[in-house]
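Report on the structure given below.
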Amino acid sequence: MPNAYCDACGIPVPRLADVVGRPDAKPYALLLTALLENGRALMMPEVEDCFVAAGVGDRATVARALKRCRPDRPPVYRHGDYYHLDPYDDELSLWAFRLGLRPSRAVDVPPGTPEDEAFEIRSRAAAARRLANQRMMAGLRRAVVRGFPADAPEALVVLDVDGGHVRRWSGEGLAEAIVHLYGYDVWAGEELRPLLEGLGIEHGGRRLHELRPPQKTVQVGGGGKVLPIATALLLSSCCGIRRKWGDPAPAHKLLDAGKHDRLLDRLEGEVRALAALYQYGRLLGQVRVRNRSVDERFRVAYARTDEWRIHDYLSRAARMEQPLEVMAAPAKTDDSDPWAGAEWCAVLESPGFRPGLVTSRGASIDPYDVQRMRAARPGVWHVPMPAEAAGPSVVWEEGVADTVDVGDGTATADRDGHAAVASTAPTTPATAIEVGVAPAVDVARIRIELERVPTPVWREIEIAANATLWDLHVAIQDAMGWFDCHLHEFRPAADARGGAGTLASIDSFAGPPPRIGIPIGETYGDDPEPIAGWQTPMRDYLHRRQRTLLYVYDLGDRWTHRLELLAVQPGAAGRSYPRLLDGAGACPPEDCGGPEMYAELLEARADEEHPLNGEAITCFGDRFDPLRFERAQVRFDDPGERWVRAFGRG
């Protein structure tokens, strides 16, 4: 028979009798095992029957042990007389490992592998597994649900977490609401299970995120006083939202008076408040309780380990030298732009300290006050950033180590030699950026030249200096006129690795150079697995010490493009990038056989007696001119949308 709990956990169905006697098999662990074995919610007498049948003890002893173990705590949820299990809770996965219900996820390494190398292998495997989980989590559609009355709803409001829009239903329209809800993968709300039962909804394999307080009380000082933890306290502590909560009397009055619109208005305000709390818990991984002398933080079960957290944003922003757009408390809960009033923030790192956020006004933001956070530029972090992580482009100007001439003005560079900002005057601190105004982005001017073709084919573009190599790939495709229907890869040019400065092809290396493109899980010969271009900053491979890079499109035909960094300089405020500056020559037709075949087909087209004349005419058509460049037809696609079209959001 199907077992929904074990199927969601990805483990075989366990037997409670096999777990009894293990060192970690305490009453609560045995309760989890009983729920997993049955694959459904159980009443406590049913759990006691399972314990007695497995030889745990007599019924009286079992009943006392279950009562003392506090069974109603995540990943177990009580609804009425039934105890439910959340199979997606991270705690359940840990319990399953401790009880021997699932194997370790650590990668096996060959015997005799040095300890440092084995650690590196396991670390990489764990990072890859976390990245895959982050991609999956980022692709889930989420909804926050609020209904009244909770056990038999007559009015319902659903907020789409990704889009921010709200849908409302009452009366006979609830049938449509149920259909709408089934379009989401995650349902979040307060008193969620009674609400779904009242609607007659089977949640199946969907994830249910209960937004109830993580515990009932918190101790105040050392005098034994306790502070009740209620939803209203969490909303004010975490989100700066102050509103009455928990009193159903006003809603009942509106319902009895038939004022459904006003009731829906009330529910909409509540669902927006709950959504703010939900976003806060997901971003921070915990909720905060503040009241006079109390400032405590509690983990929330719905904040999964592999979701994007604030530290992921901060570390990525610091590594890529990129700012973030940050919304701090109080959270916005009206229907206007949720990002209105957000501030541009630099991420500052100090050894031994947590990364800090500093606004363009020079003010610091407490990370525990952050409500929303997103990358300050679209198309740079495609995976696994959530869909909301998109915004205008900017590069913060911080301290510099030295300067270098890159052919057009003076470019500042950091200690690793990464070109950062080009200017003719000393750099200025980030506080010079005006609040609420998107500053000008720093851009790299790059020449792209197609090698080994009979007529010159080149383009010159400007692209954001903090772009990734995926962004650059999309810009090359669009500027040249390719259709992006084959694999590609970037490799350092020979002269960038100490060669004689010739235009050598990628085949001239003595050893395999790094490859950046699309990982496909396969390798050929000594070639390493490609590094994901969307995770690789362009400035890692194009900077003052390495001003050339090779780009190969169609690994069968091998169209090799030589890229040269000409300059890094300030862009114009309000201008979008990438943009085309100049170019010459037509892009060869797709799938024409590579540079050598392309040259032969050009000759064959001019010679009617050439054996390939017919094939050349079919390939080129009547209007193809190898010397003509149709500049007006160049359109740059959004690299984030290109990624989603190619791979999907999960």
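Annotations for the structure displayed:
- In order through the stretch 103-120: 3J(HN,Hα) via Karplus (6.51 cos²θ - 1.76 cosθ + 1.60), integer Hz, x for Gly, Pro: x, 5, 8, 5, 6, 6, 10, x, x, x, 5, x, 4, 5, 5, 4, 4, 5
- Net length available on complete extension from MET136 to ALA573 is 153.7 nm, with 0.36 nm assigned per residue and the Cα-Cα distance removed.
- Pairs of Cα atoms farther than 12 Å apart, the stretch 157-216, %: 71 percent
- Reach of LYS253 by Cα under 23 Å, taken over lysines that are not fewer than 8 positions away in the same chain: LYS244
- Bridge orientation summary for the stretch 442-647: considering DSSP beta bridges with both residues in this region, about 95 percent are antiparallel.
- Calculated from the alpha-carbon coordinates, the stretch 558-650 shows an Rg and a Dmax of 18.2, 57 Å respectively.
- Peptides 78-91, 480-493 ordered by packing proxy, namely the average of other Cβ atoms within 10 Å per residue, highest first: 480-493, 78-91.
- Considering only the Cα atoms of the stretch 240-286, their convex hull presents on average a projected area of 3.6 nm².
- Kirkwood hydrodynamic radius of the stretch 142-299, from inverse mean 1/r over distinct Cα pairs, in Å: 16.4 Å
- Segments 459-467, 173-181 sorted - mean Cβ within 10 Å per residue, highest first: 459-467, 173-181
- With the cut-off at under 20 Å, measuring from each backbone N in the stretch 251-281 to a point 7 Å along the Cα-to-Cβ line of HIS79 picks out 271, 274-275, 278.
- With the simple model of a label 7 Å out from the Cα in the direction of the Cβ, GLU529 to ALA53 spans 4.4 nm.
- A simple packing score, the average count of other Cβ atoms within 10 Å per residue, orders the peptides 244-255, 139-150 as 139-150, 244-255, with the highest score first.
- Inter-site label distance for ARG40 and ALA606 at 7 Å from Cα along Cβ, in nm: 8.1 nm
- FRET efficiency for ARG623 and ILE520, using Cβ-Cβ distance with R0 set to 35 Å, rounded to 0.05: 0.45
- Given their separation in residues at 0.36 nm each and the Cα-Cα distance between them, PHE647 and GLU451 gain 67.6 nm when the chain is fully extended.
- Two-site label geometry, ARG68 and ARG243: point separation in nm, points 7 Å out along Cα→Cβ: 4.4 nm
- On the principal axes of its alpha carbon atoms, the stretch 310-375 extends 41, 20, 19 Å, with the longest extent given first.
Read the figures in this text as sums done on the coordinates, not as results from a lab. Since the structure is predicted, the reported quantities are computational estimates derived from the model, not experimental observations. Neighbour counts run over all protein chains shown; Cβ positions are idealised from the backbone, glycine included.
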